[in-house]
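Asks: What follows is a structure written as structure tokens; I'll ask about it next.
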Amino acid sequence: MIKTYGDLSLIDNKWHMRAIPPHVAIRLKHLFPRIPKWQSGEFTFPNDTAHCADLSWFLERYPMQMSKADKSKLKDGRVRFEKNQAQMEVILRPDYVPLSRHGLRDGQVIRQYQGQAIDLTLARMALLLGDDVGLGKTYTTAGFMLEPGTLPAAVVMQTHLQAQWQEKIESFTTLKVHKIKGTRPYTLPPADVYLYRYSQLLGWVDTFSDGFFKSVIYDEIQELRTGTSSGKGTAAKRLSDAALYRLGLSATPIYNYGAEIWNIMRFIDASLLGSFDEFTREWCKDDKQVADPEALGSYLREQNVMLRRTKRDVGQQMPPLNSIVEYVEADEKAIKSIDDLARQLAIKTISGSFMERGRAGRELDLLLRHATGVSKARSVAQYASILAENGVPFMLMGWHRDVYDIWLKELARFKPVMYTGSESESQKNEAKRKFIEGETNIFIMSLRSGAGLDGLQHRCSTVLFGELDWSPKVHEQIIGRLDREGQLEQITAIYLNADEGSDPPMVELLGLKQSQATGIIDPGRQLEAKHSDKTRIQALAERYLINKGTKTRDIA
């Protein structure tokens, strides 16, 4: 008779494991890290195919008492898992020939790697597509929506991309597209694809639970990285829960720390990473940082829920990015004008009460970044004017309105155009047209206004960062506006940094965040980075005080 180590039964669509010896429980917790270390007695697991496969494997070493019906259900789940894995492995082979699809405009084709992503989404019913910027994720989405059973579909994008999405879908396919207007629900006209802005989702939230949309696609899904803590996140979760197919698009889904991937996956496959507590127990060193980003990235690929190809992977060879760091002169008066207030805020950020630290840290961040941007704005404009005088078209990236005003004044003779958060959609489109058609060589853009923007690569290969963002993926997204199909020259990214203010700690912290994102999105291509447990605001406060001659250890 085979020795058993407890019993396993399926109750209310969950697997319940009971009466297992302590040494088996210890082994179980090692192999299933989501289980809290303190838990004992009974253990529960979801009844999905992945857990059926894992539990079947565990039972080979530690057999358990089970009813005949439960054994059959566990085996069926394991077999389905293995069949699905085999099917998806076939799709991802280099020699795979995707299915042909009807509904393309004359002369349009779906590329092999795009067809792979389409077929994988159909097989898995959920996918985070992280292909490099410029590999045609929009066209992959359009091809996916030609499959019977995927319509009607809802595509969600940033405000400035609604018209671009409509143009690309209609020029690539025969699908009928409707752009949602406003935040108040109305009777939708007949169409195949409905285009929502993220800012419109909350107003339409009560219409998302009826299952009308068979598919939902989130462009630049990092917009949902804060999860359901925002109104748009709450509405998007309801939209995802009612859809049959869920597709997220972004070459940069993680903007800051690795734990953001848990929020992102809630809209793609909510059960994959478990609850947030389970996710942090299994994968994280704290509530922000993933302990082993490469391991998590490999796991997401093994589950076939994340697919990413680089330009090199699909045979597109481009010259490597030419990245230049220049240090420009800062106006000491702008920095010194905030010295007294900044020092008080920095001390409170390090030594104040919990509430004081949070409030002071936010104020210090705003104060120092603004002062730093203003202090170097004229030097940045002088650098930019050299390029403009030599006929070089370029993007100039910033964040603060006061900085833009200085640039506009100093560069007025070159007639720069603006693409920031202050312009309307029509004004942004006009600015893009003027730049692409050569009416100006300077395209001033907000650090967080350009995700998904297409067309600039036909005119420009140079980007100047006049101000920095806390997220390295914002910089990557901006460079990706130029490093895409249609670009014929090497991309040059020039970072114009100051030696004072907020730039030094931002540069230091950007290395840690980049290492988190790279490990998950590109396991095996991990960057060397200096790791630190400090928050970005603590680093900013400490660096400021050190520069001013204050020893942080003397602050209590």
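Asks: I want the local charge near Ile2. Using Cβ-Cβ distances under 14 Å, sum +1 for each Lys or Arg and -1 for each Asp or Glu among the other residues. Can you show the working numbers first?
Replies: Working: positive: Lys3, Arg61, Lys71; negative: Asp7, Glu60.
Net charge in that neighbourhood comes out at +1.
Asks: Here is a further query. Given labels modelled 7 Å from the Cα in the Cβ direction, how far is it in nm from Arg34 to Glu389?
Replies: Result for the modelled spin labels: 6.2 nm.
Asks: Now for a separate question. Hey, got the dipole for the chain? About the Cα centre, +1 on K and R Cβ, -1 on D and E Cβ, debye to the nearest 20?
Replies: Numbers: 74 positive and 70 negative charges, 220 e Å.
The dipole of the chain has a size of about 1060 debye.
Asks: Tell me which trypsin sites (Lys or Arg not before Pro) from the stretch 20-106 have a DSSP coil assignment and no more than 12 other beta carbons within 10 Å of their own.
Replies: Loop-located and lightly packed - Lys37, Arg105.
Asks: Helix-only mean residue ellipticity at 222 nm, the chain, DSSP H runs n ≥ 4 weighted -39,500 (n - 2.57), per residue, nearest 500. What is it? Don't skip to the answer; put the middle values down first.
Replies: Values: 18 runs with 232 residues, N = 556.
Taken over the chain, the calculation gives -13000 deg cm²/dmol.
Asks: May I ask you to compute the full-extension gain from Lys288 to Leu488, defined as 0.36 nm times their residue separation minus their alpha-carbon distance, rounded to one decimal in nm?
Replies: 68.1 nm
Asks: Can you tell me what the convex hull of the Cα atoms of the stretch 404-452 projects to on average, as an area in nm²?
Replies: 3.4
Asks: Could you tally the net charge around Asp277, taking each other residue with its Cβ under 11 Å from the Cβ of Asp277, Lys/Arg +1 and Asp/Glu -1? Spell out each step's value before the answer.
Replies: Details: positive: Arg34, Arg281; negative: Glu278, Glu282, Asp287.
The answer is -1.
Asks: Between Tyr96 and Lys434, what is the spin-label point distance in nm, taking each point 7 Å from the Cα along the Cα→C-beta axis?
Replies: Between Tyr96 and Lys434, the simple spin-label model gives 4.6 nm.
Asks: Give me the one-decimal nm value for the distance between modelled label points at Ser275 and Asp7, 7 Å along each residue's Cα-to-Cβ direction.
Replies: It works out to 2.6 nm between the two label points.
Asks: Follow-up question, since we're still on this one. With every protein chain kept in the model, how would you rank Glu89, Glu485, Glu326 by accessible area, 1.4 Å probe, largest at the top? Show your work: numbers first, answer last.
Replies: Details: Glu89 115, Glu485 90, Glu326 70 Å².
Heavy-atom accessible area, descending, gives Glu89, Glu485, Glu326.
Asks: Here is a further query. So if each residue of separation counts as 0.36 nm, and I subtract the Cα-Cα distance between Ala295 and Asp106, what length gain in nm does that give?
Replies: 63.7 nm
Asks: For Gly143, what is the net charge nearby, where nearby means another residue's Cβ is under 11 Å from its Cβ and Lys, Arg count +1, Asp, Glu -1? It would help to have the intermediate numbers written out before the result.
Replies: Working: positive: Arg101, Arg111, Lys137; negative: Asp119, Glu147.
Overall, the nearby charge balance is +1.
Asks: Sticking with this structure for a sec: For an R0 of 51 angstrom, estimate the FRET efficiency from the Cβ-Cβ distance between Gln87 and Ser422 and round to the nearest 0.05.
Replies: 0.55
Asks: Rounded to a whole number, what % of the accessible area of the chain do carbon and sulfur atoms account for, probe 1.4 Å?
Replies: Carbon plus sulfur share of accessible area: 50 percent.
Asks: Now for a separate question. Using the heavy atoms of the protein chains alone and a 1.4 angstrom probe, what is the accessible area of the chain per residue in square angstrom? Write out the running numbers ahead of the final one.
Replies: Numbers: 25270 Å² over 556 residues.
Accessible surface, normalised per residue, equals 45 Å².
Asks: I would also like to ask the following. In debye, nearest 20, what is the charge dipole magnitude of the stretch 1-83 about its Cα centre with +1 on Lys and Arg Cβ and -1 on Asp and Glu Cβ, if you could check?
Replies: That gives a dipole near 140 debye.
The values are calculated or read from the model by the stated rules, or taken from the named source; none is laboratory data. Quick caveat: nothing in here was measured; it's all calculated off a predicted structure. Note that each Cβ is placed from the backbone with ideal geometry, even for glycine, and that neighbours are counted across all protein chains shown. The accessibility values were calculated without ligands, DNA or RNA, using every heavy atom of the protein model including side chains. Shrake-Rupley method; radii C 1.70, N 1.55, O 1.52, S 1.80 Å.
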